[in-house]
Every structure is written in C-alpha cells, then in structure tokens.
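Comments concern the structure below.
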Amino acid sequence: MATTGEAYGISVAIYAALLLFIVAAFSFWRRAPLLKRFYAPKRAIPEYGAPPPPRLPDSLGGWAPAVVSLSEAQMVAVAGVDAAVYIKYLRFGFETLCLVSILALAIVLPTCLTGNEVNTLMAEQAAPPGPPDE
C-alpha cells in the first residue's frame, strides 16, 4: 500500500530521535570515569613500544570528527592492520549503501507517495458484486 507523507515524516522523526538518544548515551558513557577503561583501553593500559592513541575531546559528540579524521596510518599504528582493513570495509559499505539509498529514494519514494492505484484496486475488489448484466 502507498504511504502518506505524514506517516513517512513520523517514522523519520522517530528514527532521528532514537539516533540522537543513542549518540548522546554513548557520549555520556564514554566520559564516565568508571567506563574509560572500557571505551579507551589502550589509554588506560598502554602497550610497550606502541604509540598512544590520540586523545579524543570530552565534549558531547566531539569524538565523532576526531575519529572520522583519523588517517589510515594512524589507525594502523594504534589499532593494527586488521582494524584498519575492517574500518575501510565498513566505510566502503556505508558509502555504497548511501548511494544506493539515495537512488532508491529518488525513484521509489515519489511513486509511493503519489500512487493510489493499489488503494483503488483494493476498493474495487472489496465492493460487493452488482447485478448481472443481461
């Protein structure tokens, strides 16, 4: 069935609120003194001969630009080659998903929001049959 613009807007608002809540909870828990060893184990217990990871800002959401701007060489030095390859794979998947989503929304969403053909067909099938034509 076709959806309305209002229903689509409500679902986008719900998911946006959920995303903001999750990011705020992560940012809050990351700064908690008791959980710093969990969220930054290499800072709490440094490895011998390994460079310490760069310090991330303690502001709410300030960690995101610092993490996104890490170079591949820094990532290899701090987390290892496996982590750098995994992050590269995730970034490729994210970029591909964004591109496909934008293309799909540009094609499918206008059709879904403006098409009433399914509702018309359903109404015709649900209507009681009329008298037979002679």
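Against the main long axis of the alpha-carbon atoms of the chain, helix 117-126 sits at an angle near 50°. Computed over the chain, the per-residue total of -39500 (n - 2.57) for DSSP H runs of n ≥ 4 gives a 222 nm mean residue ellipticity of -22000 deg cm²/dmol, rounded to 500.
From the convex hull of the Cα coordinates of the chain, what is the mean projected area in square nanometres? Don't skip to the end; give the middle numbers.
Details: hull surface 55.3 nm².
Across all orientations, the chain yields a mean hull projection of 13.8 nm².
We did not get these values from a lab; they are worked out from the coordinates using the rules stated. Computed from a prediction, not measured in an experiment: that's the story for all the values here.
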